[in-house]
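> Input: one structure, supplied below.
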């Protein structure tokens, strides 16, 4: 599904190498987790994959079902099936959440040559999905993320994911700023979307999210590289020994 | 030649080419206005009030020719609104294109035809304009009072059965039009006045509005999209107790537009909202100049102006709230903001508050900014291409001004027009 080979990335504005050769293969139907200390390059990886400005790819490649995503505009990556749940979802005053969702869904459909969703059909689907995530009608009417609590913002990310039905979902520190109940709700939303044809990359600092979203594979990232890969037990090792233990072992 | 002499000769040159309509109830007001404009002289670039907008082309004897604009496949604005339509072509009334001037709750006459010696409009024609000459002079408005050959006189006695739409068509590249409208809203009466169209190569328009206690006046205007047209417009309104005045203007294109709005809140608990959204691309200069005087207790005034500028377009805002002694509990709000889509465009703002009462709440703010890159990326990451995403954010920026329009159908018309404009003017 998502194949990353020897990906090297530096900041555009300064001479700072962030990713120093990342290799990752995420298969359809699998959940991979990346854990790592602050500054290891986890979020940069998610931004580079989704096409954010400010980064320069200096080597390697990233393909989604064989297509070079790094060559695509952000909207083309989205239409190709890539989705990033933001660590810090952006507030957009003046744009209603519903308008935003419908514009996004139909823009992707249009880009893929599919028929646009009618207003009635969209409304029906969005209401059902929102209900599962305990997102009330008021949150749908309000401007995108404006005045939302931390938990509401993250649930709104998952609602977007549910509506856009991407092939490859990247969750960037989706657990940050959430209390246990909110995290459970978000995790349930994600688990409901797990399917044969869909891959997940869950970026997190802590093991606790992985209690709720059970990963198939866990990677440890440090200093711009994947330094260790294992099963779910690797996350527990981080929880028990911290990153220091694992990193010294690798070094 | 000394400056004053230059100004005088420029004024004389302009006046020489104009004929004052003779006779009838308005003649005295016209003569007074001529005396005013002669004494003041027409504006010139060194005048403080015209610091950001060059008045030359508005003042010179002949207008700069303006090419006609092809509106292609777009339906004229407000065509979908049930209204009474009054059409002026290059400033000349078009009886054929206009509806019959009969409407329940309202009496409508043309200025050119209201020749009786006694007329209700005599108490207002040039009177509100003359009041509005202090503390700042507005000579183009006095010029209009003296020479405008036509306009409409609308007396609102009840709830108007539907909006009155003044449509201004532009058919001659060298037309120089002047219109003067007078609107009187009786106690408890209510009307919506719509205006749209480019009007002429050069257009000078005055609208005087007198709203009696508890009267309501809604105004939605769209200035036509002819790129080369020039316009100087003035609204002078006087608000009685518990009256409501709400005016919104959309300006898309136009090489030069100066819209002045002079409001006086003379009765307690009056509400005045004036808002504008403008979008300019390239050779575009748009000036909103607002002066609101609070002269009564517990009144509310609100100014919301938003400008989207690109490719060297210029936006100007001069807005003042004057709170007179005794105008306690005044609630005054003023915001002017520009969205600069490139580094060549500019926004010049001069917000002012002058307060002589001690128990008031007044606020003003002015900002200039670019498109929010974070928001743009967020939208694109969800699959919305850059063009439509930018449009969505631009409409969101303009929304606070557009939402000042209370009527949903009118708001939709304006939003549709804005969307269309943005789509055609993408980079």
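The values are calculated or read from the model by the stated rules, or taken from the named source; none is laboratory data. Since we're looking at a predicted model, the values are computed, not measured. Heads up, the Cβs are rebuilt from the backbone with ideal geometry, glycines too, and the neighbour counts pull from every protein chain shown.
> For residue B:384, are the conditions met, namely being within 14 Å of another protein chain (Cβ to nearest Cβ), modelled with pLDDT of 95 or more and over 25 Å from the mean Cα position of the chain (by Cα)?
In short, yes.
> Hey, another quick one. Would you tally the residues in region B:334-350 being assigned to a strand (DSSP E or B) and closer than 16 Å to residue B:286 by Cα?
Start the filter on region B:334-350 by keeping residues that are assigned to a strand (DSSP E or B), which leaves B:334-340, B:346-350.
Retained after the next criterion (residues that are closer than 16 Å to residue B:286 by Cα): B:336-340, B:346-350.
Residues meeting the conditions: 10.
> Does residue B:416 satisfy being within 14 Å of another protein chain (Cβ to nearest Cβ), without any contact (Cβ under 8 Å) to a residue 24 or more places away in the chain, in a helix (DSSP H, G or I) and surrounded by 14 or more Cβ atoms within 10 Å (Cβ to Cβ)?
no
> Still on this structure, please answer the following. What residue, of B:318, B:346, B:337, is touching a strand residue (DSSP E or B) at 6+ places or on another chain (Cβ under 6 Å) and within 14 Å of chain A (Cβ to nearest Cβ)?
Being touching a strand residue (DSSP E or B) at 6+ places or on another chain (Cβ under 6 Å) and within 14 Å of chain A (Cβ to nearest Cβ) holds for just one of B:318, B:346, B:337, which is B:337.
> Provide a single number: the residues in region A:147-172 that are away from chain B (no Cβ under 11 Å) and in a helix (DSSP H, G or I).
Residues flagged as away from chain B (no Cβ under 11 Å) and in a helix (DSSP H, G or I) within region A:147-172 amount to 10.
> Here's a follow-up. Quick check on my filter: what residues within region B:351-386 are without any contact (Cβ under 8 Å) to a residue 24 or more places away in the chain and part of a loop (DSSP other than H, G, I, E, B)? Before you say what the answer is, go through the steps one by one.
At the first step, the residues of region B:351-386 found to be without any contact (Cβ under 8 Å) to a residue 24 or more places away in the chain are B:372-386.
Answer for region B:351-386, where residues must be without any contact (Cβ under 8 Å) to a residue 24 or more places away in the chain and part of a loop (DSSP other than H, G, I, E, B): B:372, B:382, B:383, B:384, B:385.
> Could you say which residue among B:393, B:398 is facing chain A (nearest Cβ under 10 Å), under 26 Å from residue B:335 (Cα atoms), over 25 Å from the mean Cα position of the chain (by Cα) and not in a loop (DSSP other than H, G, I, E, B)? So that I can check it myself, show each step before the final result.
Values: B:398 fails: over 25 Å from the mean Cα position of the chain (by Cα).
So the residue among B:393, B:398 that is facing chain A (nearest Cβ under 10 Å), under 26 Å from residue B:335 (Cα atoms), over 25 Å from the mean Cα position of the chain (by Cα) and not in a loop (DSSP other than H, G, I, E, B) is B:393.
> Check B:275, B:296 and return the single one that is within 23 Å of residue B:133 (Cα to Cα), at pLDDT 95 or above and not in a strand (DSSP E or B).
Numbers: B:275 fails: not in a strand (DSSP E or B).
Step by step, each of B:275, B:296 is checked, and only B:296 is within 23 Å of residue B:133 (Cα to Cα), at pLDDT 95 or above and not in a strand (DSSP E or B).
> Which residues, taken from region B:392-403, are surrounded by fewer than 20 Cβ atoms within 10 Å (Cβ to Cβ) and touching a residue at least 24 places away in the same chain (Cβ under 8 Å)?
Selection gives B:395, B:400.
> In the set A:62, A:78, A:8, which member is more than 14 Å from every other protein chain (Cβ to nearest Cβ) and buried (at least 19 other Cβ atoms within 10 Å of the Cβ)?
A:62
> For residue A:5, which of the numbered conditions (1) modelled with pLDDT under 95; (2) in a strand (DSSP E or B) fails to hold?
Only one criterion in (1) modelled with pLDDT under 95; (2) in a strand (DSSP E or B) is unmet by residue A:5, namely (1).
> Continuing with this model, one more query. Mind checking which residues of region A:81-107 are at the interface with chain B (Cβ under 8 Å from one of its Cβ atoms) and over 27 Å from residue A:150 (Cβ atoms)?
Passing the criteria: only A:107.
> Here is a further query. Find the residue count for region B:92-128, including only residues that are assigned to a helix (DSSP H, G or I) and either within 11 Å of residue B:155 (Cα to Cα) or in contact with a strand residue (DSSP E or B) (Cβ under 7 Å, 6 or more places away or on another chain) (or both).
Going through region B:92-128 one residue at a time, the tally reaches 5.
> Report, by residue number, each residue of region A:108-127 that is loosely packed, with under 12 Cβ neighbours inside 10 Å and either within 8 Å of another protein chain (Cβ to nearest Cβ) or within 22 Å of residue B:399 (Cβ to Cβ) (or both).
A:119
> Further question on the same structure: Those residues that are under 19 Å from the mean Cα position of the chain (by Cα) and either more than 8 Å from every other protein chain (Cβ to nearest Cβ) or over 15 Å from residue A:172 (Cβ atoms) (or both), I need them from region A:43-59; list them, please.
Within region A:43-59, A:43, A:44, A:45, A:46, A:47, A:48, A:49, A:53, A:54, A:55 meet the criteria.
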